[in-house]
Amino acid sequence: MSAAVSFFNPTGQTRVLPGFGLSLGYTLVYLSLVVLIPLSAVFIQTTSLTWAEFWAIVSAPRVVATYKLSFGAALAAAAINVVFGLMLAWSLVRYSFPGKKLVDALIDLPFALPTAVAGISLSALWASNGWLGGLLVPFGIKVAFTPLGVLVALIFIGVPFVVRTVQPVLEDLETELEEAAASLGAHRRQTFTRVLLPVLTPALLTGFALAFARGVGEYGSVIFIAGNIPMVSEITPLIIIITKLEQYDESGATAVAVVMLLFSFLMLLTINLLQAWSAKRTGRNR
Amino acid sequence: MSIQVEEISKTFAGVTVLDRVSLDFPTGQLVALLGPSGCGKTTLLRVIAGLETADAGRVILEGEDASRTHVRERQVGFVFQHYALFRHMTVFENVAFGLRVQPRKQRPKEPEIRRRVTRLLELVQMQWLADRFPQQLSGGQRQRIALARALAVEPRVLLLDEPFGALDAQVRKELRRWLRALHDDLHVTSIFVTHDQEEALEVADRVVLMNRGRVEQIGTPDEVYERPASPFVYSFLGAANVFRGRVEGANVRVGEATLNHDGSDADHGADVVAFVRPHELDIVTDLSAPNGVDALVRRILAFGGSARVELDGIEEVKAGAEPTHYEVVLPRERAGTLTQGQQVRLVPTPLRVFRQEAA
Amino acid sequence: MAITATLHGGSPIAHGAHRYENNAATREQPWVRRLILTLALAFFVLFLLMPLVVVFHQALAKGWGAALAAVTDPDALAAVRLTLLAAGIAVPLNLVFGVAAAWSIARFEFRGKQILSTLIDLPFSVSPVIAGLIYVLMFGAQGWFGHWFIEHDIKIVFAVPGIVLATMFVTFPFVARELIPLMQAQGRDDEEAATVLGASGLQTFWRVTLPNIKWGLLYGTILCNARAMGEFGAVSVVSGHIRGQTNTMPLHVEILYNEYNFAAAFAVASLLAMLALVTLALKSWVEWQANRPVAQQEII
């Protein structure tokens with residue numbers, strides 16, 4: 001352990017509290033066993049493919065169609081969530097209305113409700129004989145078993161991300177900022193666009209990125225309502241399962257997984273940068 | 001520009017914060033609203049600004065009832081205790097904000113905005129910081145920018161809420177002097193809220209003393225300090241020794257002792273509370289002097305030209321009770337003759353008395 | 001990374017909205033307010049409330065008897081047992097890990113701390129399908145260790161151990177993510193004081209640290225458990241989908257649904273929905289408990 005200590009503790013300072021070696025050692029071992037080694041398996045498995053083989057798999061038309069749907073629907077759902085999530089967070093912080101505590105508690109429903117339950121429930125709701133799907137039939141709009149269904153499921157999944165990143169920022173916002181703007185003659189609309197929105201933007205973007213990242217990888221709530229028609233309503237995580245894994249084409253599944261993982265890492269980086277920006281702009285440290 | 005408030009009342013959740021307050025703020029003066037925290041001074045300032053709506057009463061700006069006017073139309077400049085600068089804007093943009101949000105027809109052209117903002121930044125001596133962001137400034141610098149921002153819209157009145165409250169002692173003193181000088185240049189009618197009596201007395205033309213939602217006294221710094229109108233004002237403005245007793249002719253009887261009073265407001269037999277400032281109390285070592293309270297010297301703190309002597313009332317010490325504490329300020333050389341534990345007599349020069357029920 | 005709700009991130013509705021509604025500078029015109037509130041609540045009802053209501057409505061479509069029969073079916077009960085088993089293993093392991101990780105990250109300075117903190121978040125940003133896939137790659141018939149396990153007649157993938165592993169992966173960060181910022185915010189003063197007063201490491205942990213972090217720990221555990229019991233994608237990949245043996249509750253719901261046995265699928269789903277509601281209620285209760293003393297301090 002002495003080697004580890006000198007590496008992790010380059011300045012050689014004394015640590016007053018006990019348990020550093022034990023807790024850090026356990027953390028690193030457990031992290032490696034459960035997360036890092038299994039994840040590296042994906043990348044190592046891909047090395048069995050040549051670059052041309054890899055490219056052929058990840059750029060096959062059917063796979064590209066899933067990218068378009070997964071990324072497109074996740075982007076649209078995240079954008080819709082930014083708009084309505086802001087309104088929900090705003091209402092929860094700024095307005096009093098009956099049932100507010102219940103609404104506030106249920107915002108986290110998508111975190112707590114198993115995705116499979118959400119999936120079958122959403123497809124029952126939006127099917128053409130469902131409560132909401134039935135209302136759209138006269139307009140010739142079909143939601144369940146079409147790309148629109150994917151969008152609906154991803155909106156559901158993304159709600160808490162935006163609300164829960166914006167809500168604390170709104171709560172911490174000093175009313176003095178708005179009072180200062182008003183005393184300087186600004187209208188409410190000007191105060192919102194020039195004073196509030198710039199402060200909320202990093203949090204809104206963070207919520208957007210979180211919802212987007214989650215939406216691209218989402219599986220359970222989507223597959224029941226999507227219909228899973230190749231080239232039309234098939235999502236990328238599904239193609240890993242159906243076309244690759246179930247056909248025992250592990251290399252093929254892995255190649256698509258690598259594309260998704262690289263995207264995840266990119267989003268992770270983006271989100272960390274956004275949060276640093278948000279902390280700076282709102283004056284909150286962590 | 002004159003401001004009057006008439007019969008302003010305000011309650012928060014059943015607590016009366018302002019109780020029928022009427023005040024007249026003369027044009028061009030710098031007025032301090034002074035009082036302990038919770039006395040309603042900040043609420044009054046916010047009511048004048050239109051940030052708070054009074055339950056009753058009127059705010060009159062330049063002879064017009066402005067009670068129903070929205071804060072953005074009142075043309076008041078408001079400076080917040082914690083500055084409330086917009087973090088995502090540069091210093092320049094902060095100051096320009098009030099000009100940029102004006103209706104298109106009244107809004108000055110860009111070169112005019114630049115000219116006016118630059119002039120204001122020169123006025124507060126901050127032009128070299130125009131491109132910085134608020135986080136890059138010190139507290140004192142931020143407060144100057146907040147003031148420049150409030151002045152940019154050419155307010156009819158400038159309202160400052162504890163403007164130096166968040167600053168450390170050194171900067172505070174410096175900024176006080178600077179604010180006074182700035183006011184002498186601009187003569188904008190200004191009201192500032194403070195709980196620091198030294199600050200109010202040093203900076204303001206007039207001081208309004210508030211306590212529990214009411215106005216206790218209005219006057220120049222000299223008037224309120226020299227002639228306090230109530231026991232509250234006396235004890236709030238500077239250190240004071242307090243005696244409680246009963247009037248007996250020209251004296252006040254406090255326990256065993258008798259003390260001379262100044263003759264005002266003292267009917268024979270009335271219960272009174274009496275005050276005397278530390279520098280108005282004399283220490284005599286002659287224990288047979290006709291007037292005075294006996295006390296034991298507990299501590300002598302000598303620095304500079306004067307010394308502060310802390311004493312305990314002897315009656316309580318003898319009775320084994322918690323003693324009354326007295327404080328006396330003397331020239332240093334006189335304090336040198338005293339020793340710790342020595343019994344002395346305290347003789348007040350003028351003892352200011354108030355009826356007990358007023359206290 | 002604020003992927004899940006956090007306890008310390010400002011208590012929801014901490015101050016009440018009156019301070020905004022009574023302030024001329026922070027309130028909107030009545031019609032604007034009504035518009036925002038209407039749109040927000042309509043969105044809430046359409047996308048959150050109705051999906052929840054539909055679960056219970058559909059579960060009872062064929063009456064209470066059918067719902068009860070579906071839930072007490074031997075295969076359903078086996079699924080419940082397996083779900084409880086997987087959560088029962090994954091949650092305690094991740095809890096111990098969370099405490100260890102938070103202790104090392106929040107109490108000590110060391111090189112690479114930021115990277116470690118980011119790596120802990122990794123499972124949150126990986127698609128659940130990939131979380132399943134990685135264990136197939138490691139332990140499947142063609143996997144790295146697959147050969148060895150087959151020789152020794154140990155089944156991991158398409159069996160219970162795979163389900164437990166996948167559950168551990170997807171719930172990995174929950175407790176750590178909750179505790180690290182909480183303990184960082186609290187600082188190490190309390191522990192240092194205890195050490196100076198002569199407490200041993202374990203005494204310090206049990207008597208000082210644990211009481212300070214108990215609500216955060218509970219909060220993280222509740223969320224971790226909800227995800228462990230509800231995970232679908234990752235478990236679906238590693239499960240053999242064998243009824244009565246490798247089916248968790250969410251997988252059982254899927255099978256019933258794909259057999260067009262909707263009422264039964266929703267009946268089992270309603271159990272999971274109730275779990276979600278209990279989770280949310282507990283979560284609100286913990287938030288209330290954890291913020292109560294703070295609110296009292298503020299008044300004093």
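Coordinate-derived values only; no laboratory data. Worth saying up front: this structure is predicted, and the values here are computed from it rather than measured. Because the Cβ atoms are built from the backbone with ideal geometry, glycine has one as well, and the counts that use them run over all protein chains shown.
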Relative to the compact-globule estimate 2.2 N^0.38 Å (N residues), the Cα gyration radius of region B:1-59 stands at a ratio of 1.08
Everything considered on the Cα gyration tensor (a ≥ b ≥ c; rounded for a/c under 1.5, else prolate if a/b is larger than b/c, else oblate), region C:41-80 must be described as oblate
Note on the protein assembly as shown, DSSP bridge orientation, antiparallel percent to nearest 5 equals 80 percent
Rounded to two decimals, the Rg over Rh value of region B:200-243 from Cα coordinates and the Kirkwood Rh reads 0.95
Inverse of <1/r> over all distinct C-alpha pairs of the protein assembly as shown, i.e. the Kirkwood Rh in Å, gives 33.0 Å
Taking 0.36 nm per residue of separation between B:D267 and B:A181 and subtracting their Cα-Cα distance, the length gained on full extension comes to 26.3 nm
Everything considered on the Cα gyration tensor (a ≥ b ≥ c; rounded for a/c under 1.5, else prolate if a/b is larger than b/c, else oblate), chain C must be described as oblate
Note: probe point = Cα of B:E202 + 7 Å toward Cβ; backbone nitrogen < 17 Å; residues of region B:228-264 passing the test are B:237-239
Partner shielding of C:163-171, taken as the mean number of other chain Cβ atoms within 10 Å, equals 1
Partner lysines whose C-alpha sits under 22 Å from that of C:K155, ignoring same-chain residues fewer than 8 away, are A:K244
Hydrodynamic radius by Kirkwood for region C:82-212, inverse mean 1/r across distinct Cα pairs, in Å, is 16.9 Å
For region C:84-134, shape from the Cα gyration tensor axes a ≥ b ≥ c, cut at a/c of 1.5 then a/b versus b/c, turns out oblate
Here the net charge surrounding C:V268, from other residues whose Cβ is less than 12 Å away from its Cβ (Lys, Arg +1; Asp, Glu -1), is -3
Candidate span helices, chain A: DSSP H, at least 27 Å along axis from Cα coords, Kyte-Doolittle average at least 0.0, result A:61-94, A:147-172, A:197-217, A:250-282
Straight-line reach check, C:K214, cutoff 16 Å on alpha carbons, 8 or more apart in-chain or any other chain, hits among lysines -> C:K283
Rg from C-alpha atoms of region A:131-233, normalised by the globular rule of thumb 2.2 N^0.38 Å, equals 1.52
Under the 7 Å Cα-to-Cβ spin-label approximation, A:A279 and B:R115 lie apart by a distance in nanometres of 4.6 nm
The answer for the longest stretch of chain B without any exposed trypsin sites (Lys or Arg not before Pro) (DSSP loop, at most 10 further Cβ atoms within 10 Å) is B:110-359
In units of 2.2 N^0.38 Å, the Cα radius of gyration of region A:50-282 is 1.17
Cα extents of region C:1-155 per principal axis, largest first, Å, are 76, 60, 25
Computed over chain B, the convex hull of the Cα set has an average projected area, in nm², of 22.4 nm²
Here FRET efficiency (C-beta to C-beta, A:R15 to C:W285, R₀ 45 Å, nearest 0.05) is 0.75
Rounded to two decimals, the Debye log10 I(q)/I(0) of region A:45-97 (Cα scatterers, no solvent) at q = 0.12, 0.15, 0.20, 0.26 Å⁻¹ is -0.52, -0.62, -0.78, -0.93
Other residues with Cβ under 11 Å from the Cβ of B:V252 give, with Lys and Arg +1 and Asp and Glu -1, a net charge of +1
